[in-house]
Amino acid sequence: MEHLPNPIPYGLLLVALPALAPMAAAQQKDAPKRMNIIHIMTDDHSYQALSAYGHPLSRQAPTPNMDRLASEGIRFDKAYVENSLSTPSRACLMTGLYSHQNGQRTLGKGIDTTVTFVSELLRNAGYQTAIVGKWHMQCEPKGFDWFYVLRGQGEYYTPTFKSHLSGGEYIPEEGYATERITAHAIDFLEHRDTDKPFCLYVHHKAPHRNWMPSTKYLDLYEDVTFPIPDNYYDTWSDKGEAAKVQRMTIDKDMTLIYDLKVEELDVEPTGAPHPKRALLNGLNRMDSVSRAKWEAAYGPRNQAFLESNLEGKELLEWKFQRYVRDYLRCIRSVDDSVGEILEYLDTHGLADNTIVVYTSDQGFYMGEHGWFDKRFMYEESFRTPLIIRYPGGKGGLVSNAFVQNLDFAPTYLDVAGVDKPKEMSGRSLLPVIKHSGKQPLRWRKYMYYHYYDLPSEHNVLKHDGVADKRFKLIHFYGGENVSIRANAYCSREGSWLHLQKVML
Ligand code: SGN
Ligand code: CA
């Protein structure tokens, strides 16, 4: 990493400047071209559903383009987040800071906009910066020359985008979110400033709840029976309060009409009405042709399901299959998107000078313990898929380096030759990448995690914890019987400095 030279005395600077100018220009000309960066991030993509990771689920729903990236790069098996929720994870990506440093602890408000974003640092260093897709922070995109971002969580069909050109307005676009986001990414690559290196963030909405596939893939996997996890029927009798009070079960917390798309029902089997859920699932955002395709695919399936009057274990297994099929259909479109971007790099001479990163904003439950969603510091949600292809590097490598989403900002700054601000406690991954995925000797042994979003949907208790590569020590607090003082536990601002010392 470069270091700033010692300051030149002011008087000398005045005299020396004219002489230095041509030298600086010459240096610029001869300087090696800095690498471009593409950060592709999905929303809620579990490592179980990315076939390069080899999980039984993904073996039946392969992701060939993501696997290509892994075969040409490094698959990270010990990659984690610091707070398993979208907005905090994105804030961490943009600032390189823990939630308690950047203020974004929960899904809603929070981000401290006075904090410098990595996009600003990259732009100042001469990069052209762009972001497309899910932004999901309650502040404007900061430090971007070019952006097309979704509103809030975004919509699967006819998604609305705000752009650097739209004057603050959200404009609906015909089509499917994953495909529209890819089109905007390619459009940026086509029209970028070729005199500058670029950093492009491609942030998909998929496969976020409620898992609405492209009309291309409505029939995909319909004949496949996916493997049900052994612990799908967990009753949590041997577990603590947090596992018992959560509300993220496929059994009770998924609704037929919204999550599982059984449109004909306007009441749950319990008799509870769900009048608005049908509209919420986004079918009303489809054009008539797409809607007709949808009806043709799901109509007969739903009819058969309703007539079969499933109960108990059979019903639970039907729910699992419907959930997982829709989720994996969404992933298929994301995989196509990765393929399109790689193809663009190949055909435009960019593959040799672009680092490509594929990851998710966190992990996700695919029925383990009977759950969907994330939030917990347990492995399925704490861990996130991560693949990095570095030009000139070997392919097909597997890394067990202990890495966290705090490391993205330092990595991209390192690629750009910019010194990391001291408050960022993550580490550049370039030393790991350049040594074939090997964890350097002096590296973090422990990592810190903190989840704060309670009260909220899914009722996961607040908790923080420390993990090493084998064990986790998790501390739940703010339980049902304890009065919940919003984020009281973490009001010890400034304590990160101490933590940083302990971690590294
Ligand atoms: C929505 C979902 C939740 C999900 C959060 C956070 N409900 O609120 O199931 O946990 O997003 O997801 S929904 O009824 O609106 O689909 S995150 O990925 O943004 O963190
Ligand atoms: Ca997410």
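Values quoted throughout were computed directly from the atomic coordinates according to the rules given, and no laboratory measurement underlies them. Values in this document were obtained by computation on a predicted structure and should not be read as measured data. Quick reminder, even Gly has a Cβ in these numbers, built from the backbone with ideal geometry, and neighbours come from all protein chains shown.
Taking the number of Cβ atoms within 10 Å of each Cβ as an exposure proxy, the fewest-first ranking of Glu82, Glu174, Glu343, Glu368 is Glu174, Glu343, Glu368, Glu82.
Counted by neighbouring Cβ atoms within 10 Å, the residues Ile355, Ile186 run from fewest to most as Ile186, Ile355. The order of the peptides 356-363, 119-126 by mean Cβ neighbours within 10 Å, most packed first, is 356-363, 119-126. On the principal axes of its alpha-carbon atoms, the range 19-166 has extents of 65, 39, 34 Å, going from largest to smallest. Annotation: amide H-H contacts under 5 Å for Gln404 (H modelled 1.01 Å from N, sequence separation of 5 or more, or interchain): Tyr80.
A protection proxy built from the mean count of other Cβ atoms within 10 Å ranks the segments 290-299, 222-231, 142-151, most packed first, as 142-151, 290-299, 222-231.
Rounded to the nearest Å, what's the spacing between the alpha carbon centres of the range 391-454 and the range 167-208? Just the number, please. What the calculation gives is 26 Å, centre to centre. Given the pairs Lys142/Lys434; Lys205/Lys434; Lys374/Lys462; Lys420/Lys469; Lys422/Lys472; Lys252/Lys313, which are separated by over 21 angstrom at their Cα positions? With Cα atoms farther than 21 Å apart: Lys142/Lys434; Lys205/Lys434; Lys420/Lys469; Lys422/Lys472. What is the calculated FRET efficiency for Val245 to Asp112, with r their C-beta to C-beta distance and R₀ = 25 Å, to the nearest 0.05? The value I calculate is 0.20. Taking 0.36 nm per residue of sequence separation and removing the Cα-Cα distance, the His475/Glu340 pair yields an extension gain of 44.3 nm.
Distance between the pseudo-spin-label points of Lys33 and Arg151 (7 Å out from Cα toward the beta carbon): 4.0 nm. For the range 218-234, the residues whose amide N sits under 16 Å from a probe point set 7 Å from the Cα of Leu310 along the beta carbon direction are 221-229, 232-233.
Arranged from fewest to most other beta-carbon atoms within 10 Å of their beta carbon, Val245, Val460 become Val245, Val460. Taking a point 7 Å from the Cα of Thr347 along the Cα-to-Cβ direction, the residues of the range 182-199 with backbone N closer than 20 Å to it are 182-194.
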